[in-house]
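Take a look at the structure below.
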């Protein structure tokens, strides 16, 4: 019978498991520091201590998600008998030299390995959903702010409608097993996923339409790859079967994008209404540039500072939303190691065994905190312009 | 001004109609109705039996008509049974069909019957909204003064050490969603095996096993500091950071204004400048933010009530949604939509009143 590990040993063992992460972080920081004057806004993060700490925390979790397969000590789904609610540092029964570094959960699985694998679940969905939400928000927000009038009124009404919904009620309506047999998730996905394709097509077309050869190349590439991915992701009808999404994940993804895009829309619209009064926009109009060119190549680049800051904040917010979904057991399979549902299962035994819930709670908090600090650092640095 | 308020009211009414229709549509999707039929009548019903049960109980027909009946602007359905009795939406059991009202919907105060709680929805909602009212009240009492104080203190002298410390705290609190802070608070303060409670019990400072109670179920009858502090703190923590940051931003902006500099140069003390000149102008923006926090507070309420097992509005919503209790879920959403829209209206009108620079035709 082996002894329990002390807290010092546990921390040392975890730090040892994370060696690939430390090495990658050190390499990334060394390279970025050396080249920071040549890297634009990214390099300027390293001028602000707050931004650097935040960036470090975010990249820590990104690397953890990348190397998750190497870091974990046990299979996150395997249950070992006798390890139910085991305390942190308990030796695994019957296996020499194996420990549950952060204890076992209510089904006798390793909490440490589950948290590490959970990072992968979260980082797979949150940034991608935020990117799609941004594409939707930008594609709708630019014309609403630039053209205004009836178009603006109607899109704004729709976005206020979504914003007035209490998020949890919306999730309870949108992310249920019953809704998967109806048309709603597919139609929502069909509407939301077309926006990235439309955005990129207009982006390249408005810039290169004077040079048909180049235009045809870019727009053609976007259309081929975009529509191929679109058919697979939204309708699960990819002829080659490369692009596909589990219906559960699709449901979660679509609802998170749906909740996020009105917020982006509001920010973009507000900024466009401010920027369109500038002289360089008037100059573009006088030159005879088309409205989409002015929106996408004159206004949008000048709105990038606040948008990048909001992007960081919004990934954090999306992480919180995904955690909320997991906390209510919506749209995830019970075995899934994502942080929200781990907290949900852990909370029921909180009075006796707090560690299965506290560990993923701290993990989620540190990731969101890192994103918020990074956003703060970016905001400070971009204001110095 | 009057025109502005009327216009806002019109948009609000339209929004309320659209939102309730969406909720009605989503809760009355065919799979949900099928589940309802199977739970109300018999689990092993064939598909055609389900269809006829739904038809007989007023769940057939176009969805707009059913929505209008639920709202109370279309006459409730009436059906003549084979045995000669008449049943209908508005005919309660034991009531003669002739005495029944024609319209019975939300507008007439008929909110339906809860299949989970076996009570009329209005009673369920009345009880749970009352319980949540207390929770919200204490959250507001804790959250608003704390966050305004934090924001004003850190915005008073931008870049000072106080500012850095308080801003870091504010960022950390916005990064801690309710389900995280709740779990950590329980583990630290209300767990018999971890945190500070075992220590305190060892020293004999507390008589029970834990310092605070991990559930707030007893607060339904009697609110005490020990059973209510944790749920209130859980909700308030998330909001404090956000409101404090908004207050700080508005305070720093005000502190750079010309009139503040003039007052300082005339020799008014810093304390007087902050209290007399800056504070009123700096608190306009946070007022809007606090009002717009209500939709978020609803979120927090749902999470906190689930976590602490406090049987209020949020708990009821989760129970109704989890058990396919359509009438209760609809009732909950009416309340939620109402709260959100009214606070939006108050924030719009209040903003115009507080800020003399905005004049509406």
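Assign one of three labels to the stretch B:2-108, namely rounded, prolate or oblate, based on the Cα gyration tensor with a ≥ b ≥ c the square roots of its eigenvalues; rounded applies when a/c is under 1.5, prolate when it is not and a/b is larger than b/c, and oblate otherwise.
Oblate, because a/c is 1.5 or more while a/b does not exceed b/c.
For chain B, modelled as a Gaussian network with Cα springs under 10 Å, which listed residue fluctuates most, B:227, B:281, B:28?
Sorting by GNM fluctuation, first place goes to B:281.
Name the residue, out of B:253, B:158, B:98, whose mean-square fluctuation peaks in a Gaussian network model built on chain B with Cα pairs under 10 Å.
B:98
Contact order normalised by length for the stretch B:124-360, with contacts defined as Cα pairs under 8 Å and 6 or more residues apart; what percent is it?
Rounded, it is 26 percent for the stretch B:124-360.
Relative contact order of the stretch B:2-108, please, whole-number percent, based on alpha carbon pairs below 8 angstrom and at least 6 residues apart.
This gives 18 percent for the stretch B:2-108.
Hey, how many Å between the Cα centroid of the stretch A:186-244 and the Cα centroid of the stretch B:1-47?
35 Å
Rounded to the nearest 0.05, what FRET efficiency is calculated for residue A:107 and residue B:137 with R0 set to 45 Å and r the Cβ-Cβ distance?
0.65
Rounded, prolate or oblate, given the Cα gyration tensor of the protein assembly as shown, with a/c below 1.5 counting as rounded?
It is rounded, given that a/c, with a ≥ b ≥ c, falls under 1.5.
Give the peptides A:85-91, A:207-213, A:39-45 in descending order of average Cβ contacts within 10 Å, highest first.
Packing order, densest peptide first, comes out as A:85-91, A:39-45, A:207-213.
What does the structure give for A:135-145 when I average, per residue, the other chain Cβ atoms found within 10 Å of the residue Cβ?
0
Under a crude label model (7 Å from the Cα following the beta-carbon direction), how far is residue A:191 from residue A:84 in nanometres?
4.7 nm
Report, to the nearest 10°, how far helix A:212-235 tilts away from the longest principal axis of the Cα atoms in chain A, using its own Cα long axis and a range of 0 to 90°.
Tilt relative to chain A: about 40 degrees.
To the nearest 0.05, what FRET efficiency results for residue A:283 and residue A:23 with a Förster distance of 51 Å applied to their C-beta separation?
For residue A:283 and residue A:23, the calculated efficiency is 0.50.
Mind checking which of A:111, A:21, A:31 has the largest fluctuation in a GNM of chain A, springs on alpha carbons under 10 Å?
Per the Cα network of chain A with a 10 Å cutoff, A:31 tops the list.
From the Cα gyration tensor of chain B, with a ≥ b ≥ c the square roots of its eigenvalues, which class applies: rounded if a/c is under 1.5, or else prolate if a/b is larger than b/c, or else oblate?
Oblate.
Cα axis of helix A:355-383 to longest principal axis of chain A: angle in degrees, 0 to 90, nearest 10?
So the inclination is approximately 30 degrees.
Between the stretch B:190-207 and the stretch A:326-371, what is the C-alpha centre distance in whole Å?
Cα centroid to Cα centroid, the span is 25 Å.
I want to check the label-to-label distance for residue B:161 and residue A:161. Put each point 7 Å from Cα in the C-beta direction and report it in nm to one decimal.
5.5 nm
Figure the gain on full extension for residue B:9 and residue B:55 (residue separation times 0.36 nm, minus the Cα-Cα span) and round it to one decimal in nm.
This chain segment gains 12.8 nm when fully extended.
To the nearest whole number, what is the average tally of beta carbon atoms from other chains within 10 Å of the beta carbons of peptide A:308-317?
Mean shielding count: 1.
How shielded is A:364-373 by partner chains, expressed as the average number of their Cβ atoms within 10 Å of its Cβ atoms?
4
Return the FRET efficiency for the residue pair residue A:246, residue A:6: r is the Cβ-Cβ distance, R0 is 30 Å, and the value is rounded to the nearest 0.05.
0.10
Determine, for each peptide in A:198-205, A:127-134, the mean count of other beta carbons within 10 angstrom over its residues, then list the peptides with the highest first.
Per-residue Cβ counts within 10 Å, averaged per peptide and sorted highest first, yield A:127-134, A:198-205.
What span do the alpha-carbon atoms of chain A cover on each of the three principal axes, reported in whole Å from largest to smallest?
Taking max minus min along each principal axis of the Cα atoms, chain A gives 83, 54, 40 Å.
Expressed as a rounded percentage, what relative contact order does chain A have, with Cα pairs under 8 Å and six or more residues apart?
24 percent
Packing-wise, with mean Cβ within 10 Å as the measure, how do B:263-272, A:73-82 rank, highest first?
A:73-82, B:263-272
In nm, to one decimal, how far is the modelled label at residue A:178 from the one at residue B:100, with both set 7 Å along Cα→Cβ?
2.4 nm
So what's the angle, to the nearest 10 degrees on a 0 to 90 scale, between helix B:30-40 and the longest Cα principal axis of chain B?
Roughly 70 degrees between the two axes.
So for B:127, A:278, fewest C-beta neighbours within 10 Å to most, what's the order?
A:278, B:127
Do the sum for chain A: with -39,500 (n - 2.57) for every DSSP H run of n ≥ 4, divided by all residues, what is the mean residue ellipticity at 222 nm, to the nearest 500 deg cm²/dmol?
Calculated from helices alone, the mean residue ellipticity at 222 nm is -23000 deg cm²/dmol.
If you find the alpha carbon centre of the stretch B:122-152 and of the stretch B:225-285, how far apart are they in angstrom?
What the calculation gives is 21 Å, centre to centre.
All of the numbers you see were taken from the coordinates with simple rules; none came from a lab. Just so it is clear, the model here is predicted, and its values are computed rather than measured. Methodologically, a virtual Cβ is constructed for each residue, glycine included, from the backbone with ideal geometry; neighbour enumeration extends over all protein chains shown.
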